[in-house]
Every structure is written in C-alpha cells, then in structure tokens.
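Single-structure report; data block below.
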Amino acid sequence: MKRFVFRLEGVLRIRAFEFDRARIRLARLEEERRKRQAEVERATAHLERGHAILEREGREGADGERLALRAAGVSMGRRALESARLSRAQLDPPLLEAREAVRRTRARVRSLERLRERLEEDHRRVGRAAEQAEIEELAMARMTRDDASTGRVRAEEVG
C-alpha cells in the first residue's frame, strides 16, 4: 500500500506539473491573441480614419493626385487589416488545442486527487478501527486482570 501511495504521489506531481505547463501555454497564447486583436482594432480604426478623410476630401473637391494617394492609403489599410485578421485567425487552432490540454490535464489531476483522498480516508478508517480494537483489547485485558486478582468469575463466562 505504501509503495502504491508513493507512486500515486509521484504520478500526481507529474500530472500537476503538466497541468501547470498547459495553463502557462494557454496564458501565453491568450496574451498573444489579445495583442493580435488589438492590432486588428488599430488597423480597423486606421482604415476608418482613412475612409473618412478620403470621403471628406472627395466632397471638398481635392485634386485627383491627392485623392489617388488617399485611395492607395485606404487600400493599404485594407490589406493591413486583412493581414491582422489572418494573423489572429491563425492563432485560433493552437488556442483551442491549449484549452483542451488544460481541460484534459485538469481532469487527470482531479481524478488522481480524488483517488488520493479516497485512499487517505480509507487509511484513516483503518486507523480508527485499529485504534478502537486496541482500546477494546486493553479494556478486556484490564477486566480479565481485575477478575483474576479478585477471584470472581464473570456471569458471561459462566453462562
């Protein structure tokens, strides 16, 4: 039993380590996704500003060369936004894998912890039973010793 418990503790430590590593990896990927999401938001805001400027200058009657430059800038903004979205989307599969790894390792750790708790409870129960048996044995020995010293015979023994 002791050997099993020792091995259980060893496996539990390994699984807890794997769980910690999975959580760290997930946290890093989530942080990277937040950064990429912020980049998408910046590109979106930049594109919206470019559209607004292009529309305003178009209404005000800016020259053709200036409008062409603004249109090229808006086109670059669209490409930057699409690139940022693609970059963010490429992170989704590893993020899903990391979440699944955290869920899976958490379940492994929890099942081993429940097993350990059950073994500890069994150990306590066996210990309490042994302690109770020892108390009863001592009480019986004391009663036998008291009877032997007085020379009395118990009714249960006779009957």
**Asked** If Ala16 passes every condition in (1) touching a Leu at 6+ places or on another chain (Cβ under 9 Å); (2) of a type outside the set (Ser, Thr, Tyr); (3) without any contact (Cβ under 8 Å) to a residue 60 or more places away in the chain but one, which one does it miss?
**Response** (3)
**Message:** Let me confirm something: among Val102, Val74, which residue is assigned to a helix (DSSP H, G or I), among the hydrophobic types (A, V, I, L, M, F, W, C) and at pLDDT 95 or above?
**Reply:** Val102
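The values are calculated or read from the model by the stated rules, or taken from the named source; none is laboratory data. What you are looking at is a predicted structure, and each value in this text was computed from that prediction instead of being measured. FYI the Cβ positions are ideal-geometry reconstructions off the backbone, even for glycines, and counts take in every protein chain you see.
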